[in-house]
1. Helix 2-19 versus the longest principal axis of the chain: what is the Cα-based angle in degrees, 0 to 90, to the nearest 10?
2. Scan the chain and report its longest stretch carrying no chymotrypsin sites (Phe, Trp or Tyr not before Pro) that are both in a DSSP loop and have at most 14 other Cβ atoms within 10 Å.
3. Using only Cα positions of the stretch 7-106, each an equal point scatterer, no hydration layer, compute I(q)/I(0) via Debye at q = 0.12, 0.14, 0.21 Å⁻¹ and quote the log10 values to two decimals.
4. Can you tell me, using C-alpha contacts under 8 Å and at least 6 residues apart, the relative contact order of the chain as a whole percent?
5. Helix 23-50 sits at what angle to the longest principal axis of the chain, using alpha carbons and giving 0 to 90 degrees rounded to 10?
6. Taking the chain as a Gaussian network, Cα atoms linked when under 10 Å apart, which of Pro121, Pro181, Pro100 shows the biggest mean-square fluctuation?
7. At 7 Å along Cα-to-Cβ for each site, give me the label-to-label distance between Gln104 and Thr154 in nm.
8. At a probe radius of 1.4 Å, what is the per-residue accessible area of Lys85, in Å² to the nearest 10?
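The values are calculated or read from the model by the stated rules, or taken from the named source; none is laboratory data. From a predicted model like this one, the values you see are computed outputs, not experimental measurements. Cβ placement follows ideal geometry from the backbone for every residue including glycine, while neighbour counts extend to all protein chains displayed. Surface areas here come from the heavy atoms of the whole protein model, side chains and all, with no ligands, DNA or RNA. Shrake-Rupley method; radii C 1.70, N 1.55, O 1.52, S 1.80 Å.
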Amino acid sequence: MVIVLTFLGAICFFLSIMFTHSKASRIVLATITGLIFVASTALMTLNYSHHFGMHQVTTTTSRRIYPVNAKMPLALYQPVGTSGKDDVYIYKATPAQAKPSHTQANEYTHSQVKWKQAGNPRLVTTTTRWRFKNDFYKTLYAWSGMDGTLVKRTNTLEYPRTYVLLTTKQAQQLRAKAKSPAGQQAMAAARQQGQSYVTGRVQAAMAKNPHMTAAQIRAVSQQAEQEFQAKMVQALLK
């Protein structure tokens, strides 16, 4: 509405000056329309410069994410700059996603990795945006485009410690080594060792707790498999 008032104030001010014959009426109309134009312009400027009529609203969302390579526990990122604050992290929102997703790369966004003992990878996003304080300001500044303006965003990718953090360049090197004859032999030998490693971990867990449920056994098995895969990745990168 303030945009409409600004234009109307300017047009009516011009008309009152140019087409009002009575001097007294011209002064009154010019004063009123001039004040409307100045006041609406000031309100619009305050909204753009100081976010007048708005306040910051912070929301947090959390969702499960998946590694780009379903067979390996890898946390991938693309380095941007030298500080590490602008790095872009790559993941899948669903296991069947064809083209991976990635965190945003702009001046308002900071992405980071947080390690946890166990569990599935998750992306926790905390976003702060400017929102109008109430319906009055929302109506006053309709069509201004200011509602929902991003202030800052923090992406925290939570990975279990069994995951290996790699750059996209390191991931390409890993893929190349895995396809080489030596890499194929190493992976074939690792599969056998991996089965023994997982079995040993499950047996050790069951020795401590003979009454483990099927879900608990499956969780121990999955974690042990991820641990061994991480060791295999680190060995291939040497």
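1. The helix 2-19 is inclined about 20 degrees to the chain.
2. 1-107
3. Per q value, in the given order, log10 I(q)/I(0) is -0.65, -0.73, -1.04.
4. Details: 344 pairs, mean separation 45.4, N = 238.
Relative contact order comes out at 19 percent.
5. Orientation of helix 23-50: about 10 degrees from the principal axis.
6. Taking springs between Cα atoms under 10 Å, the residue moving most is Pro181.
7. Inter-label distance under the simple model: 1.5 nm.
8. We get 130 Å² for Lys85.
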